[in-house]
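Here the structure comes first, spelled out in structure tokens, and everything after it is commentary.
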Amino acid sequence: MTQIMSRVAQGQPLRVTLPLCRSGLGLGTNVMTADGAIPVEFLTPGDRIVTRDAGLIDLTDIAVRTVPMGDLVRIRPSVLDEVGDGRDLVISARQKVLIRDWRAQAMFGKPAVLVEARKMADGAYFTHLTGAAPMRLFQLTLKGGTHLMQIAGGMVVTSVKTPKKVTVSKG
């Protein structure tokens, strides 16, 4: 179990306990917005996020989670898109990534597929992280539900899907 801190409209933080970290972007990951690429840690609710499926969508919430290293995958963006900016990205192992190249066809028999990053782990370009220190992940909630967001290097990932049932306690 991990905990997240989420900012709510009144400015009061809430602690929410969730069983798994199904999505999240590591510190320094650029997210495409109406104002250009912005590191995930500098986004604020109200920013307009570039999505592949619905154009510009308002960011409604950002949750910051601390997760064990073993729940993370490091990706070399040049593997997924020729425009890759050369920086490694760290995301949740369960974060869904849009694969649109020969890998999608070879591994899944489709020209494009949304797949959890952990299922792409090959030890070279998609690598499970190891270590004892936990890391922070940023989960972005967009207006209207789950969308395909564009992040660094042209990579496309899903925004967070809000769970139907959570336990909430003031903290």
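Quick note: the coordinates plus some simple rules give every number you see, no bench work behind them. Everything quoted here is computed from the prediction, not taken from an experiment. Neighbour counts run over all protein chains shown; Cβ positions are idealised from the backbone, glycine included.
Counting Lys +1, Arg +1, Asp -1, Glu -1, what net charge surrounds Y125 among other residues with beta carbon under 10 Å of its beta carbon? Net local charge, Y125 excluded: +1.
As a calculated quantity, the FRET efficiency between T130 and A106 at R0 = 30 Å, using C-beta atoms, amounts to about 0.65. Please report the spacing between the Cα centers of segment 138-154 and segment 102-129 in Å, no decimals. First find each Cα centre; the distance between them is then 19 Å.
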